[in-house]
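The values are calculated or read from the model by the stated rules, or taken from the named source; none is laboratory data. Keep in mind that what you see is a predicted model, and the values were worked out from it rather than measured. With ideal geometry, Cβ positions are generated from the backbone for all residues, glycine too; neighbour counts draw on all protein chains shown.
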Amino acid sequence: MTPSNDTPPVRRSREEQVRLETTLRYVFEHRLRFNEVLGLRVASFAPEAPSLMFEMRPELIGHYVHGRLHGGVIAAVLDTVGGFAVTVAIAEKYCGENTDQVAHRFGRIGTIDLRTDFLQQGIGKTFTATGRVTRLGGRIASVQMTLENDAGTLIATGGGAYVVS
């Protein structure tokens, strides 16, 4: 008897999910050194909208008079959360695999297109970037990203395409 398409995939154990999230947190917060420079921290592993956060620091200011985020920081954060969203989506797609198996898939993720729309000045104490995968194909993933400040103001939006194979 073959399983029907309605059968949910076998999920990794709770312990293995914690191991995976611990590994991903370490990679995104420390192993990817530029993320560490930006001060990025994982805020959520929610599959539908994973997010990263960071605090404003003098090193991130792009306009010294107004004390707002540098546009390059905004674009880099949106790109990073797009890659993070793809990573979480792949982990969800292969939810039956253990950490080592699914981590092997992440080495192939790379940005192939990025668009950033700057909507408001990057003013705030903390910022949250969220990514939503709109399509996860066998070779390309498409993601929509947002960046908000601690007051909930939408600072920027972005769209990205990422190679996944």
query: Being under 26 Å from residue 155 (Cα atoms) and charged (D, E, K, R), is that true of even one residue in the stretch 94-105?
result: no
task: Could you pull out the residue among 89, 103, 156 that is more than 13 Å from the chain's Cα centre (by Cα) and closer than 29 Å to residue 69 by Cα?
output: 156
- prompt: Any chance the stretch 70-87 includes a residue that's farther than 20 Å from residue 40 by Cβ and β-branched (Val, Ile, Thr)?
  reply: no
query: Quick one: which of 96, 152, 138 is assigned to a loop (DSSP other than H, G, I, E, B) and either hydroxyl-bearing (Ser, Thr, Tyr) or in contact with a Ser or Thr (Cβ under 8 Å, 6 or more places away or on another chain) (or both)?
result: 138
- prompt: In the stretch 33-53, what residues are touching a residue at least 24 places away in the same chain (Cβ under 8 Å), assigned to a loop (DSSP other than H, G, I, E, B) and under 13 Å from residue 76 (Cα atoms)?
  reply: 40
- prompt: Which condition number does residue 65 fail, the rest of (1) assigned to a loop (DSSP other than H, G, I, E, B); (2) surrounded by 12 or more Cβ atoms within 10 Å (Cβ to Cβ) being met?
  reply: (2)
query: With (1) touching a Pro at 6+ places or on another chain (Cβ under 9 Å); (2) at pLDDT 95 or above as the list, and residue 19 as the residue in question, which single condition is left unmet?
result: (1)
query: Restricted to the stretch 79-117, and to residues that are aliphatic (A, V, I, L, M) and farther than 18 Å from residue 30 by Cα, which residue is surrounded by the fewest Cβ atoms within 10 Å (Cβ to Cβ)?
result: 112
